[in-house]
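Below is one structure, written out as structure tokens, with a few remarks after it.
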Amino acid sequence: MTNTLIHWQDYTIFGFSLLLSIGTGIYHAIRSHYLIKRGGEDVTTAKEEYMMGGRKLPRLPVALSLLTTFLSGILMLAIPAEMFQRGAHIWLNMIIGVASFLLAAVFFLPVFYKMKMNCLHEYFIHRYNSKLLRQTFSVISLFSTVFYMAVVIYAPSVALSNVLNINKWILILGFGLTTTGYTTIGGLKAVVWTDSLQAILMYAGVVAVIVKGLTHERVGGLGRVFEIASDTGRIEDAFRFNPTIAQYNSFWIDIIGGTISWLSNFGVNQLSVQRYSSLPSLEHGQSIIYYLLVPFTILCSIVCFVGFIALAYFYNCNPLETGEINDQDQLIMKFALEVLSSTPGLFGLYIACIMAATLSTLSSGINSAAAALYEDFVQYKIRKVSDSTETMINKLLVLGIGILSTLLAFCAEPLRGTLAVCMGITRALGGPLLGIFAFAMFCPRAGVKSTFISFLLSIAIMCVIYVFNYIENPYEKLLMPTNTTVEGCGHSHFTISKIPDYDAHFGRPGTTFMGRISIYAYPIVGFALMFIIGVPLTYLFNEKPMENIEHLTFKEMTNTLIHWQDYAIFGFSLLLSIGTGIYHAIRSHYLIKQGGEDVTTAKEEYMMGGRKLSRLPVALSLLTTFLSGILMLAIPAEMFQRGGHIWLHTVTGAIALVLAAVFFLPVFYKMKMNCLHEYFIHRYNSKLLRQTFSLISLFSIVFYMAVVIYAPSVALSNVLNINKWILILIFGLTTTGYTTLGGLKAVVWTDSLQAILMYAGVIAVIMKGLTHERVGGLGRVFDIAWDTGRIGDIFQMNPTIAQYNSFWINIIGNTISWLSHFGASQLSVQRYSSLPSLEHGQSIIYYLLVPFIILCSIVCFVGFIALAYFYNCNPLETGEIGNQDQLIMEFALEVLNSTPGLFGLYIACIMAATLSTLSSGINSAAAALYEDFVQYKIRKVSDSTETMINKLLVLGIGILSTLLAFCAEPLRGTLAVCMGITRALGGPLLGIFAFAMFCPRAGVKSTFISFLLSIAIMCVIYVFNYIENPYEELLMPTNTTVEGCGHSHFTISKIPDYDAHFGKPGTTFMGRISIYAYPIVGFALMFIIGVPLTYFFNEKSMENIEHLTFKGRNLPMPKNRNLPNLKNEIISKM
């Protein structure tokens, strides 16, 4: 009776994992019994222990339990099958759950946690004092939960029955009764701890399928997987931008509908809130959400990716067309069996993974449904009973709901398509279920009548819409193609799926509009209906609002100094950036599709903007790229703390711009490179040199981007009352999103808009600051700056490099530093190369000179205005803020809050500066990674596949930078660390190009060794500086007084008894070398080491390289130095 492909080891692993779940439940039942029996201060009641885990569960198991609860057996089977059949839209729909996690942590969890509820629905008692509303919501929620659990049991049972040769009804009973058993015995603790074990099984099973699948000869490796997915339109499917809801799916439906759908699960669902409430504090609850973000994204992505691997495996012999299987829910199980059966035990691990996903969802649903049923109904029917009796009643409810869900699973047979039915019902209800909470929290004046009627009408309308969809089934013929052939199958017994003569994505002609509304759009419609119906009813009934409900609304979470107009402007500017990226993604798609003489390849359009971008947006993009959120916050703070030297540091960038236009741009532009590092192929014919430089450059860019995300997130978190980790994710994922979609055009045009926001925000701060009575006008600003030595600081003329800064260090060091950005950086050269001609590239540099100097100067001047404002009450001395990176944000909030909207403009300015730098860095790093590494690993692929690979690289680097931003917490001083690392590398990174251009006889060995030694020496110097921190006591004075602050709670910074400008006594010379002098040292080291090595090795110089030197920079590109031929020659030598 057993399947010959399944080994005894598979059955053993499957059986063992089942017993492990049961054993965990029994263990926690026994442990809880002894805890209650023993008693003690830390022990709660038996009911509390059973239903809430004593409210003292550890974070890790609760996080893993949340991860597995909504990622059921349906995720493991139906979602990869959807990827196989209809494309990658479902991946986008899944990973957008990350946004819902954040919204839940910020908006819903603080409201719910403080009430210490056993059941979420108790909120309606606090908010409306309405038992009717509570019980109505509970009935609908319980129906949704129990129905979902029935489908969750049925789907994997059917799929497993075909491969295990076990009757599906037996499997349904096995899954249902096993889960009901250990959940009844062990309560929430058993659920949470078994979920934790099951999360490990889920990861292990999916990873096994991916590894074995990718190495299977029939799959053909990672390249073929992506090539087939791209060529058949399955990847492109995720980026449909048509805004109508009457289609199967679209980008907008996935982003908005997916967010609402997941938020109804993670934010306002008894299953989730019960877990949050089982933790000791709100901070613990929020922290587990942050812990989950990366594992959730990874698990969703790898499970979806299984669908693409299965596509490559079955591409030439689709089992749905050969008749080997008749249901797409069986597809992934068949694929897993065939690729895993060669290794005994692996398929057992995979079916254990499916079982784990099923049991975790089922146990969570049973436990939470029982808690809701008891709290919402049973407790009103019973009076005083003992704690043990209450616990027993809860156990009986768990048992009853488990049995009911199992029995309902027997009724799932007639349902058409597991994923469609499950998502249809849950999403039809999900919008109103979330909407009723959002309505209650956003509309404090809403009463019971308006809320109750709008909720019931929304539910009714959504059910009608779904009935139309289910009856008409407008998308039944929407199937993306495979390529089943006689050769692929080894026989001719198959029937190719017919492609309909209409666009099946928009439904079958003749069906109603209501029937064609996407089930993925149901959450949007249901959520909107709550407000569309509810708001007018609120004014119609005009009910008297309850008193003292502010703590139950969103209003309590906002900063009282910040107005709704501020949030609106900040949000609008964020959406504007996203919208610009999406617009250019759509526009580029249609340009490529339309074709024509002026249209380049898809890759060229994506990475280089078709090399026909306009000068103005490119100029504005360059202006904002290196003037990040650090410029807006840390540089004015440096003016405040240590004087005007930093102004000279910034404006010397104008000199660097001119040098870049005259010396570097003529050399680089003529080569028409996608990546600056191609220069080393032309100059040295050295792949080693190219890739070594690229690795160090990529490290520098990614590290810099991580700090650029972290710094403004910390500053904004203190004024917006939003956790800094959430802001890091918002900045990181927003930028990654629009950069991935729109490519260089999106980057350049969003940078242009962000440049305007940057100017507007800084000007607003300056004007309001100068007119503030506490500042005292322009004269007082300059008087204080002069009297405290901050202006005189610019003219420190001592020539030594072992001091904090000087006039000479600023002029020479910062010219080199800016030149490494504007002249020899992938971020800049990529923009120059996107223009039609060299003259266009040089002209944008000249256009930039005045705006660059003005922007740098006014941003620095903000620091002096803040000095005048805080001169008699320094918040760093009073303890109001703990970090100088927060100083300017505090100043802006205090001077701008009197005019609603202005502070919103300023935080939009900070956001714009952050996003512009980040998007530029992500885009250029991805281009370098592809050109320097990936292209050597792949051979002939289509233009669309190349473009898709570049998009995936952009996505990956964006996510990596965001994750690295979480590691920036321990760094001491954002500006110091950021400048230290980038300047330690900046000198050698510029020096290698200058060395190659100034020394035509330099060969690969001398250049390579001098470059690595220069980098190594600079890193050692910076380590000395970071460890010794010789300038930590260098702070210029303010005049904090009792009169100035209105209180005496402050500690004045002590002036050291040595000249702090030259560092602490006892520190080393290397440690005291100014970080602003690092570019001078690094640049000089390239020549000091490189020139002698050139004569020592005496390598043969390459021919025809005059056009690649400073001397021959205006010479044309020789015809015999064709880059593609040279590149192919190098590839052939590998």
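Computed quantities for the displayed model
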| quantity | calculated |
| --- | --- |
| 10 Å-binned pair-distance histogram of the stretch 421-465 (Cα, whole percent) | 28, 50, 19, 2 |
| Overall form of the stretch 147-283 per C-alpha gyration tensor (a/c, 1.5; a/b vs b/c) | oblate |
| For the stretch 1042-1092, alpha-carbon Rg and Dmax in angstrom | 20.1, 65 |
| Ellipsoid semi-axes in whole angstrom, largest first, where each is sqrt(5λ) of the Cα gyration tensor of the stretch 728-789 | 38, 12, 11 |
| Binned Cα-Cα distances of the stretch 309-375, short to long, each 5 Å bin given as a whole percent | 3, 14, 18, 16, 15, 11, 8, 7, 5, 3, 1, 0 |
| Estimated inter-spin distance, Ile763 and Asp1059, nm [label 7 Å along Cα→Cβ] | 4.3 |
| Cα point-scatterer Debye curve for the stretch 249-373, base-10 log of I(q)/I(0) at q = 0.15, 0.16, 0.21 Å⁻¹ | -0.99, -1.06, -1.30 |
| Normalised per residue, the volume of the convex hull around the Cα set of the stretch 645-762 (Å³) | 168 |
| For the chain, diffusion coefficient by Stokes-Einstein and Kirkwood Rh (Cα), 20 °C, 1.002 mPa s, µm²/s | 66 |
| Value of D in µm² per second that Stokes-Einstein yields for the stretch 308-347, Kirkwood Rh from Cα pairs, at 4 °C (1.567 mPa s) | 122 |
| Equivalent ellipsoid dimensions for the stretch 835-899 as semi-axes, Å, which come from the Cα gyration tensor, largest first | 38, 12, 11 |
| Pairs of alpha carbons in the stretch 373-514 whose separation is greater than 23 Å (percent) | 65 |
| Cα-based shape type of the stretch 493-579, given that a ≥ b ≥ c are square roots of the gyration tensor eigenvalues and the cut on a/c is 1.5 | prolate |
| Reference-scaled alpha-carbon Rg (2.2 N^0.38 Å with N residues) for the stretch 43-114 | 1.51 |
| Stokes-Einstein D (µm²/s) once Rh is taken as the Kirkwood radius of the stretch 698-748 over alpha-carbon pairs, at 37 °C in 0.692 mPa s | 278 |
| Computed E for Leu222/Gln594 - FRET, C-beta separation, R0 22 angstrom, nearest 0.05 | 0.10 |
| Residue pairs, from the table Lys131/Lys189; Lys724/Lys745; Lys603/Lys940, whose Cα atoms sit over 19 Å apart | Lys131/Lys189; Lys724/Lys745 |
| Where N is the number of residues in the stretch 789-845, Cα Rg divided by 2.2 N^0.38 Å | 1.61 |
| Within the chain, helix-based [θ] at 222 nm, where runs of 4 or more DSSP H residues each add -39,500 (n - 2.57), nearest 500 | -22000 deg cm²/dmol |
| Burial ranking of peptide ranges 323-332, 817-826, 253-262 (average Cβ count within 10 Å, highest at the top) | 817-826, 253-262, 323-332 |
| Residues of the stretch 204-235 with amide N under 18 Å of a point placed 7 Å along Cα→Cβ from Val934 | 221-235 |
| Top positive-direction residue, dipole computed over the chain with Cβ charges, set Ile1009, Tyr1026, Phe296 | Ile1009 |
| Scaled radius of gyration (Cα, divided by 2.2 N^0.38 Å) that the stretch 759-853 gives | 1.53 |
| For peptides 482-489, 436-443, 233-240, sequence by mean Cβ density within 10 Å, most packed first | 436-443, 233-240, 482-489 |
| Convex hull projection area averaged over all views, the stretch 24-168, Cα basis, nm² | 12.8 |
| Mean projection area, nm², convex hull over Cα of the stretch 1000-1093 | 8.9 |
| Label point distance in nm, Ser898-Ser942, each placed 7 Å from Cα along Cα→Cβ | 6.3 |
| Hydrodynamic radius by Kirkwood, which averages 1/r over all alpha carbon pairs of the stretch 977-1034, in angstrom | 12.7 |
| FRET E, pair Asn483, Thr1041, Förster distance 51 Å, beta-carbon r, rounded to 0.05 | 0.05 |
| Size of charge dipole - the chain - debye, nearest 20, with Cβ of Lys, Arg +1 and Asp, Glu -1, no other charges | 880 |
| For the stretch 438-572: span of alpha carbons on each principal axis (Å, largest first) | 75, 33, 22 |
| Distance histogram in 10 Å bins (all Cα pairs of the stretch 688-823, percent per bin) | 9, 19, 32, 29, 10, 1, 0 |
| Two-decimal Rg/Rh across the stretch 229-298, once Rg and the Kirkwood Rh are taken from alpha-carbon atoms | 1.14 |
| Pairwise Cα inverse-distance average, inverted: Kirkwood Rh of the stretch 140-226 (Å) | 15.8 |
| Alpha carbon convex hull of the stretch 869-1022, projected area averaged over orientations, nm² | 15.1 |
| Fraction of the pair-distance distribution of the stretch 896-956 above 18 Å, Cα-Cα pairs, percent | 53 |
| Highest to lowest packing among 800-812, 266-278, 387-399, scored as the average C-beta count within 10 Å | 266-278, 800-812, 387-399 |
| Hydrodynamic radius by Kirkwood, which averages 1/r over all alpha carbon pairs of the stretch 587-716, in angstrom | 18.3 |
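Just so you know, all these numbers are worked out from the coordinates, no wet-lab data involved. Just so you know, these numbers come straight off a predicted model, no measurement behind them. So basically every Cβ, Gly included, is an ideal-geometry build from the backbone, and we count neighbours across all protein chains shown.
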